[in-house]
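Note sheet for the following structure.
Values in this text are rule-based calculations from the coordinates and carry no lab data. Keep in mind that what you see is a predicted model, and the values were worked out from it rather than measured. No Cβ is skipped: glycine too gets one built from the backbone with ideal geometry, and neighbour counts run over all protein chains shown.
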Amino acid sequence: MLHFAPYLGKTAIMMKLIYRLVATAFLLLSATFSSFAAEQSQTQVVMLGTGTPVPDPNRSGPSVAIITNGEAYVFDAGGGMVNRTVQAAQQYNLPELFPQDIKHLFLTHLHSDHIHDVSELAMHRWWGRPERLSVYGPKGLAEYTQHMASMIEIEADIRAAGTPEQLVTDRHGYLVNATEIEEGIVFSNNDITVEAFTVPHGEIRPAFGYKITTADKTIVISGDTAYSELLAEKAAGVDLLIHEVFSGDRLSEQSEFWQQYHGSSHTSASQIAQIANIARPGLVVLTHILFFNATSDEIVAEVKRSYDGEVVMADDLDKF
Ligand SMILES: [Zn+2]
Ligand SMILES: [Zn+2]
């Protein structure tokens with residue numbers, strides 16, 4: 001027995017070492033897995049377009065993506081945003097942003113600068129789309145998307161009758177599920193709740209803002225709007241207030257007509273300060289920027305003149 005004692009002692013030590021190694025590996029693996037899971041479920045907001053109807057090579061038409069738990073929810077589809085989805089998918093390793101895989105699109109209103117890329121998104125490689133695009137938006141959406149579908153019929157016929165290599169998984173994959181919405185909760189699942197509320201935006205009615213709630217973030221997207229007290233109420237204490245803006249300091253440089261139009265349909269930087277003072281969001285993100293020759297810094301300064309919270313000017317592909 002004495003002879004074997006040292007041997008047994010070594011075995012016990014070895015076993016202990018192996019046990020420790022396995023336990024450490026297990027802990028490391030589970031830590032990696034849980035941080036991966038946290039990363040997966042953590043809500044990320046990507047600006048796909050921060051522009052307006054004024055052409056700007058650096059700013060696509062308005063669009064914001066909210067990514068949570070492996071799914072992208074997109075708000076507005078201004079011209080050029082589909083290219084931005086691909087850039088963002090690659091840059092941030094967010095495959096859920098590839099256009100074919102986007103399933104949910106919410107529109108604030110039907111002004112052309114917010115919808116130019118609805119067809120591009122719905123019809124981007126439509127023949128292999130895993131699921132048709134669902135679009136939510138104001139009255140008039142069904143008619144719009146119906147006409148949109150008819151413009152692709154010729155191509156759809158050709159592809160459907162094409163060579164076997166052109167695999168068409170859904171003959172009508174370019175069609176969208178259009179839902180015309182009213183104020184209130186318009187979409188909800190385990191990961192996200194989307195609430196629409198009306199905003200004042202000149203003659204176009206209804207125009208909506210959206211409040212989005214996920215497991216770890218609250219976000220308000222203004223859409224296009226003049227100063228709105230309801231919006232300030234909805235944005236109370238949210239993490240992100242993504243708001244359209246124009247330079248109030250430079251509005252006087254515009255013609256009488258445009259001063260009247262922008263003054264009554266959009267929100268000046270100093271009005272955003274008023275809204276932010278009521279709502280006190282974690283961060284104000286300025287987008288849909290009507291510069292009127294002001295710089296980004298000047299517009300941010302215009303907000304900060306009477307608001308002491310965090311304010312940033314968004315550029316395309318910014319992530320929050
Ligand atoms: Zn607009
Ligand atoms: Zn508009």
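Calculate, for LEU230 and ALA161, the FRET efficiency according to 1/(1 + (r/R0)^6) with r their C-beta to C-beta distance and R0 45 Å; round to the nearest 0.05.
Working: r = 51 Å, r/R0 = 1.14.
It comes to 0.30.
Which of VAL199, VAL168 comes first, and how do the rest follow, when ranked by fewest Cβ neighbours within 10 Å?
Fewest-to-most ranking of VAL199, VAL168: VAL168, VAL199.
Which residue, SER134, GLY223, SER268, has the largest displacement toward the positive end of the dipole of the chain when charges sit on each Cβ (Lys, Arg +1; Asp, Glu -1)?
Going by the Cα projections, it comes out as SER134.
Determine the gain in length on full extension of the stretch SER255-GLU153; use 0.36 nm per residue of separation and subtract their C-alpha separation, reporting nm with one decimal. List each step's numbers first, then the result.
Working: separation 102, 0.36 × 102 = 36.72 nm, distance 4.33 nm.
Gain on stretching SER255 to GLU153: 32.4 nm.
Taking just the C-alpha trace of the stretch 229-270, give me its Rg and Dmax in Å.
According to the Cα coordinates of the stretch 229-270, Rg and Dmax are 12.7, 37 Å.
For the stretch 202-320, just the Cα atoms, rotate onto the principal axes and tell me the three extents in Å, largest first.
Extents along the principal axes: 46, 33, 28 Å.
Principal axis lengths of the stretch 91-205 from Cα atoms, whole Å, largest first?
Dimensions of the stretch 91-205 along the principal axes of its Cα atoms: 50, 33, 25 Å.
Let's see if you can work this out: charge +1 on each Lys and Arg Cβ, -1 on each Asp and Glu Cβ, no other charges. What is the dipole magnitude of the stretch 185-314 about its Cα centre, in debye to the nearest 20? Let's see the in-between values first.
Numbers: 8 positive and 17 negative charges, 42 e Å.
Value, rounded to 20: 200 debye.
Can you tell me the relative contact order of the stretch 185-314? Whole percent, Cα pairs under 8 Å, sequence separation 6 or more.
Details: 282 pairs, mean separation 28.3, N = 130.
Averaging sequence separation for qualifying contacts and normalising by length gives 22 percent for the stretch 185-314.
Can you work out ³J(HN,Hα) from phi for every residue in the stretch 206-219, in order, using Karplus 6.51 cos²θ - 1.76 cosθ + 1.60 and θ = phi - 60°, giving whole Hz and x for Gly and Pro?
Residue by residue, the stretch 206-219 yields x, 10, 10, x, 10, 10, 10, 10, 10, 4, 10, 8, 10, 9 Hz.
Return P(r) of the stretch 45-95 (all Cα-Cα pairs; 10 Å bins starting at 0; whole %; ordered from short to long distances).
Calculated over all Cα pairs of the stretch 45-95, the distribution is 29, 54, 16, 1 percent.
Kindly state, as a whole number, the per residue volume in cubic angstrom of the convex hull around the alpha carbon atoms of the chain.
Taking only Cα atoms, the chain has a hull volume of 195 Å³ per residue.
Return, ordered by residue number, the residues of the stretch 166-203 whose backbone nitrogen is under 19 Å from a label point located 7 Å along Cα→Cβ of GLU131.
In the stretch 166-203, the label zone of GLU131 (backbone N under 19 Å from the point 7 Å along Cα→Cβ) covers 169-180, 186-195.
At 0.36 nm per residue, minus the direct Cα-Cα distance, what do ALA142 and SER188 gain on full extension? Give it in nm, one decimal, please. Intermediate results must be reported in sequence, preceding the final value.
On the way: separation 46, 0.36 × 46 = 16.56 nm, distance 2.09 nm.
Taking 0.36 nm per residue and subtracting the Cα distance, the gain is 14.5 nm.
Given the chain, what count of lysine pairs have C-alpha atoms under 22 Å apart, with each pair 8 or more places apart or on different chains?
For the chain, the number of qualifying lysine pairs is 11.
With each label point set 7 Å from Cα along the Cα-Cβ vector, what nm distance links HIS172 and GLN91?
3.7
May I ask you to derive the relative contact order of the chain, considering only C-alpha pairs under 8 Å and at least 6 residues apart, and to give it as an integer percent? Let's see the in-between values first.
Details: 654 pairs, mean separation 47.1, N = 320.
Relative contact order, the chain: 15 percent.
Roughly what percent of Cα-Cα pairs across the stretch 267-310 reach past 11 Å?
Working: 598 of 946 pairs.
Summing the P(r) of the stretch 267-310 above 11 Å gives 63 percent of all pairs.
Under the definition of Cα pairs under 8 Å and six or more residues apart, what whole-number percent is the relative contact order of the stretch 105-210? Write out the running numbers ahead of the final one.
Numbers: 157 pairs, mean separation 35.5, N = 106.
Relative CO of the stretch 105-210 lands at 34 percent.
Report the antiparallel proportion of the DSSP beta bridges in the chain as a percent, rounded to a multiple of 5. Walk me through the numbers before you get to the answer.
Details: 27 of 51 bridges.
Of all bridge pairs located within the chain, approximately 55 percent are antiparallel.
Could you please rank LYS103, LYS319, placing first whichever residue has the fewest other Cβ atoms within 10 Å of its Cβ?
Numbers: LYS103 17, LYS319 13.
Fewest-to-most Cβ neighbours within 10 Å comes out as LYS319, LYS103.
Fewest to most neighbouring Cβ within 10 Å: what's the order for ILE272, ILE185, ILE154? Walk me through the numbers on the way to the answer.
Working: ILE272 27, ILE185 12, ILE154 9.
Taking fewest neighbouring Cβ atoms as first place, the list is ILE154, ILE185, ILE272.
Using the charge dipole of the chain (Lys, Arg: +1 at Cβ; Asp, Glu: -1 at Cβ; taken about the Cα centre), state which of GLN90, LEU283, ILE152 has its Cα farthest towards the positive end.
Highest projection toward the positive end goes to GLN90.
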